[in-house]
Every structure is written in structure tokens, then in C-alpha cells.
There are 2 protein chains.
Amino acid sequence: MTADLCAGGESHASVAPVMAFKLALIQRHCAGFDAVAAAAYAATEAARAGAELIVLPELYHAPYFCQTTDPNELDRAEPLDGPSVRAMVEVARQAEVVIAVPFYEKRAVGLYHNSLVVIGPDGARLGLYRKMHIPHDPQFEEKFYFAEGDLGFRPVNTPIGRLGPLICWDQWFPEAARLQALAGAEVLLYPTAIGWLESEKAEVGLAQLDAWKTMQRSHAIANGVFVVAVNRTGVERVGDRSIEFWGHSFVCDPSGVVIAEAGEAEETLFVDIDLTRITEQRRWWPFLRDRRIDAYQGLLSRYIDDEDP
Amino acid sequence: MTADLCAGGESHASVAPVMAFKLALIQRHCAGFDAVAAAAYAATEAARAGAELIVLPELYHAPYFCQTTDPNELDRAEPLDGPSVRAMVEVARQAEVVIAVPFYEKRAVGLYHNSLVVIGPDGARLGLYRKMHIPHDPQFEEKFYFAEGDLGFRPVNTPIGRLGPLICWDQWFPEAARLQALAGAEVLLYPTAIGWLESEKAEVGLAQLDAWKTMQRSHAIANGVFVVAVNRTGVERVGDRSIEFWGHSFVCDPSGVVIAEAGEAEETLFVDIDLTRITEQRRWWPFLRDRRIDAYQGLLSRYIDDEDP
């Protein structure tokens, strides 16, 4: 008890880090004529309204081109200093905000990633994440366009806190959230492109939306972190295919309670984040204390077969 | 396509395993005078009503003695063939059902586990699980009573399917659910003793209940398995302490949809389980395909520190 009180005393005596900030989720239709300029405008407006962290949807700068496998679409990829990132560097510097910028990264000819760069208030690149879990399902044919990320799950230190960037399909994998949390992430970011296929919406649309929220809320609970999901919105058509991106961007606190949620239209959602909630939550649900790391070896297996094949 | 159709044909030609069964969750107040006999009666009634798998709450045979740390309570522990298990062996054999029986296991003098034994329709022991994640929080002082399990996460083959036994606090750890699923579990079982402290219920009671359900639903979604949570119910007092066990036992399908849920009173909840839902679900959400086992090494760490301490 005494030791505990002493440690607390020391901590209060040192310079306190920023423990609260205003967040803006830019939920947008991203398939318009000049998506980059439109998003830059929305981000600038959000910063003017007080946002200190701005998060954009997955591949914010382009239509969701993964509905088909078209080699011409590979030309959309850009280097780290390409126009889609540069536009946001400009916003970050002018407005002195942190921005999480998802973009289609060209790493070499024939080697592309679904990436996210975190830009600091001085325009500097604070961290890069390359989507680790890549889907490939009808109309989400991402394995054609994106190589699997090779940077692992690394949080990014920023002036407003330690962010854990992840992207879309990652949200279905508890491993990704856990690894970011174990590395110190306080706020998980999930820029997303998820929506309904016309064939599915009537029957399972609401269940899909609920499952999507449930998974991400579970990451908040299991890890005692904030979760921020920023989805696209609007219908995008490619030939006879279409996806209705469902919006519903949301933020949940470290107990999994949704503290803000957007509708299905374009919207900038503002949320006040109080990072001291993490300490409070982990006092009551000390899950990190009780993990059985001696018994988790099987998580590194594809499957645990009864016998060798 | 052709190969796929052929494989389907072969499978249909072979002897089909049982793919559907009736499940009964025995939600009970377990602190009564003769908890074992009362639960045996309820289980027998459930079997008569057609249940083929019966699941009991955590430590079904005793008051929840972990509200305090009292060495005398250690005497409640029983060997594998003690009265709390034997009573259910008798029910299983007479009614020809599978029963998941949580009990306080005495392994040696001074070495006790929070365990679960699965009994087959012939009364044979099909599998043993020892709770792996042990809580220790105000009024849930389990580290005093239970050594950590050392059997890992092993599914149990039964005539009605492959069960993944887990217990209570395990439900907050995605690792436990994942490991059971990777080893082939089709139905995760979570006998539980969770409830409200008087000091918390008004303020955070509903949020706690919702978080509890959310976590377990997320295991169903992430792994494409059924989840069965069987909680205690009723108020139990020890001195000036009390817990109001909140009931709400439930089953969710592999998409995370709750298909049956009990109230807060004693209740036997019957649910028809169709295991073919697992195949259907994993076709659409093929998460097991896309896990990044090359990048999960950090899951075996307690924490991923910035630098060596």
C-alpha cells in the first residue's frame, strides 16, 4: 500500500502527459470526383472545430476499387510522399493536428500495400502501418491488390497519445488488437470500407452491422483501450456490382460502451476522449494480469491438428 | 469448382455425423441446502424433455465460496470421483445424455482446481478441463482457492459434437476461445459465476452485463463457433458481502446472434443446435484462413516493452 501511494506521488510530481483530446471521424463517400480535396476540406473544417486527432476512412482517396480484379487499378498506388498523403500533411501542418491517413501504397513496381500513415502537427510522419490481415471475398478482392503488411503491429506515439493503427479486416482478429495493446496502444484506429452487397442486405444486413460493432467493442473490453472505427459511406458501383458502405462509424470506451456513433450519411463525428478511463477500466478488469502466456503457443499455429497430416 | 463439388459428393456418401442436437442450460441458484440433488433433478427433467447435452453453472454444487478467503472452504474440494461428479454420472447414464459438470477438484492436499468434467451417455468421463485464467478481484478471490489449470485448451469429443470447455473468467480472453477453436471445438461452453456487487449494480450493472455478452459473442464471430454461457442466479451472502448472480445464460450462433437467453430467475433453457451453421458461417467469414501466424509471436509475451527493463 505504501509503495503504491509513493509511486502515485512520484507520478503526480512529474510533468503530466496530455490525457484528453478531441477526436474527429471523417465518415465520407470516397468515390467522388476529387476525393482528396474534399476530404482535405473536411479535415480542415474538423480541425477548425477543435479536433486534435482526425481519422479518415480506408483508402479515403479513391473509389473502393477492389470489387473486381482489374490490373489497371494498380496504377492508383502512390509512394509515401504521393498526393494523397501530401494533401493531408499540408492540413496537419496548417491546422497543427494529428491525422491518420489511409492510402494505397506503392512500395515498388508490383508491390503494393493497404497502408496508413500517421502525420504529426508539424507535418512529420510519425508512423506507418501496413494492413496485416488481407481479405479476399466476393467484391472485396484485396489479395489481388495488396501484399500482406510486414511491419507488424506497432503503436505510434503522438502528442495526444499512443495510437494503434489497424485497418478494416484486422478488426475481425483479436490477435491484432491484443498485440497493439500489449505494445502500449491506448486508442485503436480502424479505418474501414465495409458495406452491404445488394444480395445480402435484406436478410443479414443488420446482423452483419451488429457483428462488426460487437467484434470491435470486444477489443476495447479485452484490452481496456478506446476503439475508433471510421467507415466509408454511400453506394459504389463497378459494372454490375455494387457495395452500399454502411457508415455507422463509432467510438467505444475501454469498457466497450459506444460513446458516439454516426448514421449512414456523410458526417464528421466529434468525440472527447479521456485517456484516464483506461486506468480506471483496467483497475476493475485486470485482464492483462491474468493472461496465460505459458499456454498460448498454439496461437502461432494455423490449426492444431489431431495428428500430423 | 470441380474439385469442390467432388469433395462435397464424397462427404455426402460417407456416414454423416450427428449435426444437430438439443441443448439444455441449467441456470440455477447453487447455494441451497442440497444443491447437488436439486441440480441432478433438474438435469434429469431436462433429459426427459429431450436434451442431449446438459450444461451446469460454475461450481454448481456449492455456494460461491470465493467471496472471502477462508481456509475452511478448501474442504469443499472433491476428487474426480467425488459426490458432485458421481451424481451427474448417474444422471448421464440413466438418461443417456452428455453432461458438462463443473466442480471443485481436489488433486492433492493443498492443490485444488476449478474444473469441469464432461460425462458421456454411458457415464464415462470424456474429458477434463481445469480453468486456465483465474481471477482475483474483490469478492472473486479465486487465486486463493484454485491453482491455474495445466491441461491447456483441449476440446472434448462427444457423440453430439466436439465441445470446448472453458470456465467463467476465461470468457474475457480471446486467446482461450481461439485455441479451443483451432483445436476443433464446435461449441464453447462457459459455466459461469458472475453477478453484481451491491455497490456497482445501479451505476454500471447493465454495462457489465452487456460487456459480458459482447465478449462471448465476439468469440463466436471470430471463430465461427457456437457459444454457450450458463450462469448462476440469485443472491448469495457471506457475512456483510453479497453477490447478485445475474443469470442471463445464453447461446449464440457462429455469427454471434443470440438465439436463446434466460432471464434472471432459475430456468432450464432449451436450445436446438444445428452444427451445419458453422460451415455456412465460415464460408462467408473465413477468418481462420487469414490469420497472420508469422506475426503473432508477441502474444506469448506478458507485455511488449519499448526497451528491456
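Here is how the numbers come out for the structure above:
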| read-out | value |
| --- | --- |
| Elements of type strands (runs of 3 or more DSSP E) in region A:60-140, at least 2 residues being open to solvent by 60 Å² or more (accessible area, probe 1.4 Å) | A:98-108, A:125-130 |
| Filter pass, A:Gln180 being within 14 Å of another protein chain (Cβ to nearest Cβ) and under 25 Å from A:Pro63 (Cα atoms) | no |
| Odd one out for A:Glu203 among (1) more than 9 Å from every other protein chain (Cβ to nearest Cβ); (2) buried (at least 24 other Cβ atoms within 10 Å of the Cβ); (3) in a helix (DSSP H, G or I) | (2) |
| Filtered residue count, region B:275-297, keeping only those that are within 8 Å of chain A (Cβ to nearest Cβ) and surrounded by 17 or more Cβ atoms within 10 Å (Cβ to Cβ) | 7 |
| Any chance B:Asn157 is polar (S, T, N, Q) and closer than 15 Å to B:Cys66 by Cα | no |
| Conditions (1) within 10 Å of chain B (Cβ to nearest Cβ); (2) modelled with pLDDT of 95 or more; (3) surrounded by fewer than 18 Cβ atoms within 10 Å (Cβ to Cβ); number of the one not met by A:Asp272 | (1) |
| Residues of region A:184-195 that turn out to be open to solvent by 10 Å² or more (accessible area, probe 1.4 Å) and hydrophobic (A, V, I, L, M, F, W, C), as a count | 1 |
| Test for A:Ala147: is it within 12 Å of the chain's Cα centre (by Cα) and not in a strand (DSSP E or B) | no |
| Filter result (of a type in the set (Lys, Arg) and buried (at least 21 other Cβ atoms within 10 Å of the Cβ)) within region A:150-178 | A:Arg178 |
| Residue within region A:150-161 that is aliphatic (A, V, I, L, M), within 8 Å of another protein chain (Cβ to nearest Cβ) and either part of a helix (DSSP H, G or I) or touching a residue at least 40 places away in the same chain (Cβ under 8 Å) (or both) present | no |
| All positions within region B:156-174 that are among the charged types (D, E, K, R) and in contact with a helix residue (DSSP H, G or I) (Cβ under 6 Å, 6 or more places away or on another chain) | B:Asp170 |
| Those residues of region A:162-177 which are within 19 Å of A:Arg277 (Cβ to Cβ) and either part of a loop (DSSP other than H, G, I, E, B) or within 9 Å of chain B (Cβ to nearest Cβ) (or both), in sequence order | A:Ala177 |
| Qualifying position, being within 27 Å of B:Pro159 (Cα to Cα), away from chain A (no Cβ under 14 Å) and in contact with a strand residue (DSSP E or B) (Cβ under 9 Å, 6 or more places away or on another chain), among B:Glu244, B:Glu266, B:Glu261, B:Glu236 | B:Glu261 |
| Boolean, A:Ser249 is open to solvent by less than 20 Å² (accessible area, probe 1.4 Å), over 23 Å from B:Leu197 (Cα atoms) and either touching an Asp or Glu at 6+ places or on another chain (Cβ under 8 Å) or among the polar types (S, T, N, Q) (or both) | yes |
| So A:Ala265, is it crowded, with 21+ Cβ neighbours inside 10 Å and within 22 Å of the chain's Cα centre (by Cα) | no |
| Evaluation of A:Glu307 against (1) without any contact (Cβ under 8 Å) to a residue 12 or more places away in the chain; (2) surrounded by 15 or more Cβ atoms within 10 Å (Cβ to Cβ) (one fails), failing number | (2) |
| Residues being in contact with a Leu (Cβ under 7 Å, 6 or more places away or on another chain) and surrounded by fewer than 21 Cβ atoms within 10 Å (Cβ to Cβ) - total across region A:215-243 | 0 |
| Verdict on B:Ala181 being crowded, with 23+ Cβ neighbours inside 10 Å, assigned to a helix (DSSP H, G or I) and at negative phi | yes |
| Inter-residue pairs, beta-carbon under 7 Å, first on the phi > 0 side of the Ramachandran plot and in region A:53-81, second in a loop (DSSP other than H, G, I, E, B) and open to solvent by less than 10 Å² (accessible area, probe 1.4 Å), 6+ apart | A:Leu59/A:Cys30; A:Leu59/A:Ala193 |
| Test: residue in region A:33-53 that is modelled with pLDDT under 95 and assigned to a loop (DSSP other than H, G, I, E, B) | yes |
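The values are calculated or read from the model by the stated rules, or taken from the named source; none is laboratory data. Note that the structure is predicted; figures quoted are calculated from it, not measured. Cβ coordinates were reconstructed from backbone atoms using ideal geometry, including for glycine residues, and neighbour counts include every protein chain displayed. Ligands, DNA and RNA are excluded from the accessible area calculation, which covers all protein heavy atoms including side chains. Shrake-Rupley method; radii C 1.70, N 1.55, O 1.52, S 1.80 Å.
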